[in-house]
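S.K.: Let me begin by handing over the structure; questions about it come next.
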Amino acid sequence: MTSPIRLAPGDAAPDFALLTDAGETLSLKELRGRKVVLYAYPKAMTPGCTKQACDFRDSLASLQAAGYEVVGISPDSPAALAKFRDRDAITFPLVSDPDKATLVAYGAYGEKQSYGRTITGVIRSTFVIDEEGRIERALYNVKATGHVAKLRRDLGLD
């Protein structure tokens, strides 16, 4: 597999309609008119993904006050996402992309380095999408720890 595509500021954000942790369908179209932080993570309930989700949860009020909606996306099933939501009191939607088509469209699935080896998987990424559905920021290979604080600084929220 070759390296995934990379989105850049100004690109149209690929639309999606995916099942959430609540078993409902959420589409990017539904979020038009609002700014969206879409973040891709490899697997629910793993240490890094839990830390990142809890950081977003703990920053949600200030992100929402600044007009941002937060959505997490992973290949996990809606049932696994519901467990994650309940265990860690996640207060924003988590969407399931089991066939990874949306992750691929965002360039958040493909070859990556892990402990010195090249593997294929979810590339931890964050996308800031504007009210018209365009990419404002596309951040690839972000760290699970400290990323939300850096994103808040970059968005001028600190």
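The values are calculated or read from the model by the stated rules, or taken from the named source; none is laboratory data. Note that the structure is a prediction, hence the values are computed from the model and not measured. Using ideal geometry, Cβ is built from the backbone for each residue, glycine included, and neighbour counts are taken over all protein chains shown.
S.K.: Considering (1) over 17 Å from Thr46 (Cβ atoms); (2) under 13 Å from the mean Cα position of the chain (by Cα), say which one Lys143 fails and leave the rest.
M.R.: Among (1) over 17 Å from Thr46 (Cβ atoms); (2) under 13 Å from the mean Cα position of the chain (by Cα), Lys143 violates only (1).
S.K.: Okay, next question. What is the residue count in region 5-16 for residues that are within 14 Å of the chain's Cα centre (by Cα) and surrounded by fewer than 14 Cβ atoms within 10 Å (Cβ to Cβ)?
M.R.: 1
S.K.: Follow-up. Within region 111-137, track down each residue that is touching a Ser or Thr at 6+ places or on another chain (Cβ under 7 Å) and aliphatic (A, V, I, L, M).
M.R.: Val122 - this is the single residue of region 111-137 that is touching a Ser or Thr at 6+ places or on another chain (Cβ under 7 Å) and aliphatic (A, V, I, L, M).
S.K.: Can you say whether Ala108 is surrounded by 21 or more Cβ atoms within 10 Å (Cβ to Cβ) and small (Gly, Ala, Ser), as far as the supplied structure shows?
M.R.: Spelling it out, Ala108 is indeed surrounded by 21 or more Cβ atoms within 10 Å (Cβ to Cβ) and small (Gly, Ala, Ser).
S.K.: Separate question: Residue under question is Arg117, and the condition is that it be farther than 22 Å from Arg34 by Cα, out of contact with any Gly (no Cβ under 6 Å at 6 or more places or on another chain) and loosely packed, with under 15 Cβ neighbours inside 10 Å; does it hold?
M.R.: Yes, satisfied.
S.K.: Restricting attention to region 139-158, and to residues there that are among the small types (Gly, Ala, Ser) and assigned to a loop (DSSP other than H, G, I, E, B), which single residue is surrounded by the fewest Cβ atoms within 10 Å (Cβ to Cβ)?
M.R.: Top of the filtered list is Gly156.
S.K.: Still on this structure: Residues that are among the polar types (S, T, N, Q) and either under 12 Å from the mean Cα position of the chain (by Cα) or closer than 27 Å to Arg153 by Cα (or both): which strands (runs of 3 or more DSSP E) entirely in region 22-138 hold 2 or more of them?
M.R.: By residue number, 125-129.
S.K.: Could you grab the pairs with beta carbons closer than 6 Å, sequence gap of 6+ or different chains, first residue in region 140-152 and at negative phi and aliphatic (A, V, I, L, M), second one at pLDDT 90 or above and part of a helix (DSSP H, G or I)?
M.R.: Once the first residue is at negative phi and aliphatic (A, V, I, L, M) and sits in region 140-152, its partners that are at pLDDT 90 or above and part of a helix (DSSP H, G or I) give Ala144/Gly48; Ala144/Lys51; Ala144/Gln52; Val148/Asp55; Val148/Phe56; Val148/Ser59.
S.K.: Give all pairs with beta carbons closer than 6 Å in which a residue from region 39-54 that is surrounded by fewer than 24 Cβ atoms within 10 Å (Cβ to Cβ) meets a residue that is in a loop (DSSP other than H, G, I, E, B) and among the polar types (S, T, N, Q); count only pairs at least 6 apart in sequence or on separate chains.
M.R.: Pairs that qualify, where the first residue is surrounded by fewer than 24 Cβ atoms within 10 Å (Cβ to Cβ) and the partner is in a loop (DSSP other than H, G, I, E, B) and among the polar types (S, T, N, Q), are Lys51/Thr145.
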